[in-house]
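Right, one structure below, let's go through it.
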């Protein structure tokens, strides 16, 4: 279990520390954050196997964080909440949670629920990479490789490419991309356009006539993996050992 990562997003310091201690004793790799913004920044770099999220966080709604996490399709989600009505529980589960534990709760029940959720990873492991032949997106080390060479991307460019690629050819609006690919809440759709232009310069043959990241009029953008099956060379990649900061 030492390789299983668990992230606790809980505003109560005492409870957060207590849960973290129990999980570490059980052999999990534990990360702790207290806010929605802190969690989003953390998840931008590393999505955990299991996210334990309080429904009421100091700077926002934990349920909304769960919805965002669910859209990433990589982490199991356990909601902790003092809200114990049937409506609250249904809302949490519909937001993407795999389980819902109401406060107060005992440590034995908490541990048992975590263990039950982790068992699911034996049959529902998230992919470690997206493979499109010559182009591979490494989700573990967060880097992109073309014909054995790494393409230099910023963390935000990587996130944008990943979200577009995992949509399986479906179009995504600018608002969807802002919500899924950006760690902080941003309302300016031009931010997406700027990053798409930057990404195209690095992975398109002709950025002025893009074939890989296509513009869908009146909608947004889509990732066209079919162009990689035509054996048309991509531009010479910028060789790097990973993603630069920024």
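Beta bridges assigned by DSSP with both partners in region 1-82 are antiparallel in approximately 10 percent of cases.
Extending 7 Å from the Cα toward the beta-carbon at both residue 168 and residue 145 defines two label points whose distance is 2.6 nm.
Percent antiparallel among DSSP beta bridges with both residues in the chain, to the nearest 5?
In the chain, approximately 50 percent of DSSP beta bridges are antiparallel ones.
Structure remark: mean-square fluctuation, Gaussian network model of the chain, C-alpha springs under 10 Å; the largest value among 25, 214, 72 belongs to 25.
Do me a favour and compute the ellipsoid semi-axes for region 129-230 from its Cα gyration tensor, root of five times each eigenvalue, largest one first, whole Å. Could you put the intermediate results ahead of the total?
Values: eigenvalues 82, 49, 31 Å².
Each semi-axis is √(5λ); the values are 20, 16, 12 Å.
With contributions of -39500 (n - 2.57) from each DSSP H run of at least four residues, the per-residue ellipticity at 222 nm computed over the chain stands at -11000 deg cm²/dmol. From the coordinates of this entry, Cα extents along the principal axes in Å is computed, and it appears in [x] 46, 42, 37; [y] 59, 37, 31; [z] 42, 41, 37 under the label [y].
Our note on the geometry: Cα centres of region 166-228 and region 23-37, 33 Å apart. Given region 5-122 reduced to its alpha-carbon atoms as identical point scatterers, what log10 I(q)/I(0) does the Debye formula return at q = 0.23 Å⁻¹? Here the Debye-derived log intensity ratios amount to -1.55.
Could you work out which residue, out of 177, 80, 228, moves most in a Gaussian network model of the chain, that is, has the largest mean-square fluctuation with Cα springs under 10 Å? Among 177, 80, 228, the largest GNM mean-square fluctuation belongs to 228.
For region 129-230, the relative contact order works out to 26 percent when only alpha carbon pairs closer than 8 Å and six or more residues apart are counted.
Within region 145-183, what residues put their amide N at less than 16 Å from the label point 7 Å along the Cα-to-Cβ vector of residue 193? So the set is 173-178.
When the chain is fully extended, how far beyond the present Cα-Cα distance does residue 83 get from residue 186, taking 0.36 nm per residue of separation?
On the way: separation 103, 0.36 × 103 = 37.08 nm, distance 2.88 nm.
Length gained, residue 83 through residue 186: 34.2 nm.
Within the listed set 180, 83, 217, the residue fluctuating most in the Gaussian network model of the chain (springs between alpha-carbon atoms under 10 angstrom) is 217.
Evaluate the relative contact order of the chain (contact order divided by residue number), counting alpha-carbon pairs under 8 angstrom at least 6 apart; express in whole percent.
Details: 415 pairs, mean separation 36.9, N = 246.
Result for the chain is 15 percent.
For region 67-120, the fraction of C-alpha pairs more than 12 angstrom apart is 65%.
Throughout, read-outs are computed from the coordinates displayed, never taken from laboratory work. A quick note: this is a predicted structure, and the numbers were derived from the prediction, not measured. Don't worry about glycine lacking a Cβ; one is built from the backbone with ideal geometry, like all the others, and counts go over all protein chains shown.
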